[in-house]
Amino acid sequence: MSAPEAALPGAAERARPYPGILECDVTTLLGTTVHVRPITPDDAPRLARFHDGLSERSVYFRFFSPHAHLRPPELEWFTRVDYHDRLALVVEVDGELVAVGRYDHVAETTRAEVAFVVADRWQHHGIATLLLDLLASAAYFCGIDTFVASVLSENREMLQVFLHSRFEVVARSESGVVVVEFPIAPKYDQPEPRLRVDGRRPST
């Protein structure tokens, strides 16, 4: 999901105030404390360094093609969000950006496309699952009730994130791409998610 046309036209121009309520410190499945917060335009240089540090495999899984560097227009698009129709959350460890998750509202629907990328050495820590839960909560509050994601069929790790999540996922294959779709409305009588994240607490 790299194309601006996936989201509502002009959304960046209708930016809301920075939602500090979405900031939190979380303990991952492997016991590391990470800081999660909404992205800001000031993150552009850090996002560029983060992308440059990804393996070719991780970049290919995110963009479906080689994409060595993020261009200035892409950095502006990815970091200037309105915190409502478009939201991105970054994950930091000791000030280092280690993951990004985002959703983009599909115009004239109550659906949003969701995507994640996690630094290679921080994969398998449950971070994508954490971001999925946080994004779903924020999106539902903004009137979105369904997430959609396109995942390359060979990207088994990301497919497992969706299929083993707390959501009821429907998947279909389309020419080497698996499209997953699921409602994000909270279900208060359901059990805790299998890959739950412990220790969430607001940051100070």
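Once you order the gyration tensor axes a ≥ b ≥ c over the Cα atoms, which shape class does segment 81-121 get: rounded for a/c under 1.5, otherwise prolate or oblate by comparing a/b with b/c?
Taking the square roots of the gyration eigenvalues as a ≥ b ≥ c, segment 81-121 is oblate.
Go ahead and collect, in residue order, the members of segment 116-139 whose backbone nitrogen is under 19 Å from a label point 7 Å along the Cα-Cβ direction of GLU168.
Those under the cut-off are 133, 136-137.
For a protection proxy built on the mean count of beta-carbon atoms within 10 angstrom, sort 111-121, 141-151 highest first, please. Intermediate results must be reported in sequence, preceding the final value.
Values: 111-121: 20.5, 141-151: 17.6.
The peptides rank, most packed first, as 111-121, 141-151.
Give me ARG166, ARG80 ranked fewest to most by other Cβ atoms within 10 Å of their Cβ, as a rough exposure proxy.
ARG80, ARG166
Rank these for me by crowding, PHE50, PHE78, going from fewest to most other beta carbons within 10 Å. Numbers along the way, then the final one.
On the way: PHE50 19, PHE78 22.
Least to most surrounded, the residues fall as PHE50, PHE78.
What list do you get for TYR140, TYR83, TYR103 if you sort them by fewest beta carbons within 10 Å?
TYR140, TYR83, TYR103
Could you pull the Cα extents of segment 4-145 along its three principal axes, largest to smallest, in whole Å?
38, 32, 25
All of the numbers you see were taken from the coordinates with simple rules; none came from a lab. Small disclaimer: the values here were computed from a predicted structure and weren't measured. Backbone-built Cβ (ideal geometry, glycine too); neighbour counts: all protein chains shown.
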